[in-house]
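Just so you know, all these numbers are worked out from the coordinates, no wet-lab data involved. Quantities reported herein were computed from a predicted structural model and do not represent experimental measurements. Positions of Cβ are generated from backbone atoms using ideal geometry, with glycine treated the same way; all protein chains shown enter the neighbour counts.
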Amino acid sequence: MSTETLQLIYLIIMMIFLGVELIMHVPSVLHTPLMSGANAIHGVVIIGSIIVMGQATETIPMVLGVIAVIFGTLNVVGGFVVTNRMLEMFKKRQ
Amino acid sequence: MESILPLVYLVASVTFIVGMKMLGSPASARRGNLVAAVGMGLAILGTITLYTNANGEHLHNIPWIIGGLTVGTVIGWMMALKVKMTSMPQMVSFFNGMGGACAALISLIEESHHSAQAHGAHTADIGTSLTIMAGLVIGSVSFSGSIIAFGKLAERIGDIDVKGQQLVNILVLAGVVVLSTMYVMGTMTGMQTLVILAVLSLAYGVLFVMPIGGADMPVVISLLNSFTGVAAACGGFLYDNMVMLIGGILVGSAGTILTVVMCKSMNRSLTNVLFGGLMSKKASAGTGGGIGVQGTIREVTASDAAVLMAYAKHVVIVPGYGLAVAQAQHACHQLEHELESKGVTVKYAVHPVAGRMPGHMNVLLAEADVSYDKLVEMEEINPEFPTTDVVLVVGANDVVNPAAKTDPTSPIYGMPILDVDLASYVIVMKRSMKAGYAGIDNELFFRPNTSMLFGDAKASLTALAVQVKAL
């Protein structure tokens, strides 16, 4: 196994622990917005669709690529806007 | 120039971690969301302008990429702004499905690149095949599963109970596993294999979510959310892209834990939530189980209910999905205000899964300026019910169903409930005698100390507030 792959595996293990640590002690009131926020963050998959689209030359990959970019954007934009709307309601309490 | 993009990705990764951390406390949650959104914007912009492939070429098709981004932004923004507060959970599920579909499409396009380069022969190494396969399978399951969850929450798809579904599920899953292995080992390659794999995975997503009860959808959405995270991380592997890897794994891990925490707050195991529907479906059909709920119900008028509450010492309000549907949070706060001015102590009993998602009720009541310290969680309020004079149940059903404690055949058996039946008097506000989300009858409504107040929650609460004020 190359050093690079091994480093990736280290990184993944750290991220798994970090994810657990970030969520473990969150009050249940925030579970819904948190899920929604996490939902927006995995929209980072959009980066992959941009890269793949930017290298496509034939018609079918291009069509699929555009669809992938649109879907990814829906995930990102919709995700963040919905989360923001949910959290707007907490603001008034202060 | 080469070293700038990794730095941009580093900054974006940090914003994801910090944003997620800030989402975990009420005071900073909104800023946390913005921080992560800015990071995402940076990562997207950086990729479009700075990305170069192994041969040092920049990305082509920029107009198409910008076009796709624009279309997605406009549609996503509109959908997110237009959706009602009550429909938020299905919206999250829908957007999650889009992310899954995006990951699956990336895998398909990547495979077509490899096939094209080698004229159909298998060129990808095992690591690449593995990530292409995993992205496709996980993304497809997440996509079709999320869409079914969306349909169920929007009440467009009911619970479907087909004999022998368990066997079909296992067969389809086995098909996915076998085909995936063959693809990775290189015994079956090419586009056709991946398309078949995609179809099987999509079918599995549907079959997996279909038998799960509507009330458990939040748990399912949370699980599918972490699936999409893992699918995104596969893309990170494929392109050695750190921000995708970090964002994806972080959500995969956080989502899994969130799923477990949600199950815990319902006092159920994940296995029970996911596969309980398949195993014990027969018992739950029809009534609340073996006993069969029957008896007479008593109706109460708004004016009688107002008298009962105005002359009580302790009143507990139990909000549920009905409150959300009727947008009755302001009317509820008004009633609370009128009662308090008569010297009645009013508290809200918030069940962890009241509504359609954890925290649903807190969000709604916070919107109506209900004071935070009046919202009491289940464990703290339950010992207080025996000394409570009147409990007002506003459009909640399953979370106050005693069958969860008494009837082992009930699908909600074992879920902790609010023990409202211990109070001296219970008034239940409902639109009709229709069963709750779990589709089972509620024996609480037939108890001698329970009365029903039928009608729209907002209208009833407003009427109650007026009556209390007039007393």
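Considering only the Cα atoms of the stretch B:302-470, their convex hull presents on average a projected area of 8.5 nm².
Semi-axes of the stretch B:83-279's equivalent ellipsoid from the Cα gyration tensor, sqrt of 5 times each eigenvalue, largest first, rounded to whole Å?
On the way: eigenvalues 177, 74, 41 Å².
So the equivalent ellipsoid measures 30, 19, 14 Å along its semi-axes.
Please check chain B for the longest run free of trypsin sites (Lys or Arg not before Pro) that are loop-located per DSSP (anything but H, G, I, E, B) and have at most 11 other Cβ atoms within 10 Å.
On the way: sites that count: B:LYS84, B:ARG156, B:LYS163, B:LYS313, B:LYS434.
That would be B:164-312.
Given +1 at the Cβ of Lys and Arg, -1 at the Cβ of Asp and Glu and no other charges, the dipole of the protein assembly as shown around its Cα centre is 900 debye to the nearest 20. Note on B:THR301/B:VAL325: beta-carbon distance plugged into 1/(1 + (r/R0)^6) with R0 of 22 Å gives a FRET efficiency of 0.45. Scanning chain B for GluC sites (Glu not before Pro) that sit in a DSSP loop and have at most 13 other Cβ atoms within 10 Å, the longest stretch containing none of them is B:156-471.
Rg over Rh for the stretch B:2-111 works out to 1.01, both radii taken from alpha-carbon positions and Rh defined as the Kirkwood radius. Going by Cα centres, the stretch B:57-135 and the stretch B:154-205 are how many Å apart? Cα centroid to Cα centroid, the span is 20 Å. In terms of the Cα gyration tensor, with a ≥ b ≥ c the square roots of its eigenvalues, is the stretch B:331-394 rounded because a/c is under 1.5, prolate because a/b exceeds b/c, or oblate? The shape class here is oblate. Straight Cα distances below 12 angstrom link B:LYS430 to the aspartates and glutamates B:GLU299, B:ASP456, with same-chain residues fewer than 8 positions distant left out. Please work out the FRET efficiency for the pair B:THR70 and B:ARG31, using the Cβ-Cβ distance as r and a Förster radius of 45 Å; give the result to the nearest 0.05. E(calc), rounded to 0.05, equals 0.95.
Volume per residue, Å³, of the convex hull around the alpha-carbon atoms of the stretch B:387-441?
Values: hull volume 4.1 nm³, N = 55.
It comes to 75 Å³ per residue, whole-number rounded.
For the stretch B:1-55, taking Cα atoms only, Rg and Dmax work out to 13.2, 47 Å respectively. Remark: the stretch B:131-144, residue by residue, has Karplus-estimated 3J(HN,Hα) of 6, 4, 4, 5, x, 5, 5, 5, x, 5, 4, 5, 5, 5 Hz, where x stands for each Gly or Pro and the curve is 6.51 cos²θ - 1.76 cosθ + 1.60 at θ = phi - 60°.
Taking label positions 7 Å along the Cα-Cβ direction at both B:ASP125 and A:ILE60, the computed distance is 2.7 nm, reported to one decimal. Size descriptors for the stretch A:29-91, from the alpha-carbon set: Rg then Dmax equal 14.8, 49 Å.
Ranking B:LEU238, B:THR388, B:PRO26 by how far each Cα lies toward the positive end of the dipole of chain B (charges on Cβ) leaves B:THR388 at the top.
Full extension of the segment from B:VAL466 to B:ASN53, taken as 0.36 nm per residue of separation minus the current Cα-Cα distance, would add 141.8 nm.
Rg ratio for the stretch B:122-212: its Cα radius of gyration over 2.2 N^0.38 Å, N being its residue count, equals 1.20. Residue by residue, the stretch B:231-248 carries 3J(HN,Hα) couplings of 4, 5, 5, 4, x, x, 4, 4, 10, 6, 9, 5, 5, 5, 5, 5, x, x Hz when phi is fed to the Karplus relation 6.51 cos²θ - 1.76 cosθ + 1.60 (θ = phi - 60°); x denotes Gly or Pro. Beyond 29 Å in Cα-Cα separation lie the following of the pairs B:LYS347/B:LYS458; B:LYS264/B:LYS374; B:LYS347/B:LYS434; B:LYS21/B:LYS152; B:LYS342/B:LYS458: B:LYS21/B:LYS152.
For chain B, the Cα-based Rg and Dmax, in that order, read 25.8, 85 Å.
Each listed q (0.12 Å⁻¹) maps to a log10 I(q)/I(0) for the protein assembly as shown, found by the Debye formula over equal Cα scatterers with no solvent: -1.09. Each Lys and Arg contributes +1 and each Asp and Glu -1, all at the Cβ; summed about the Cα centre of chain B, the dipole is approximately 520 debye.
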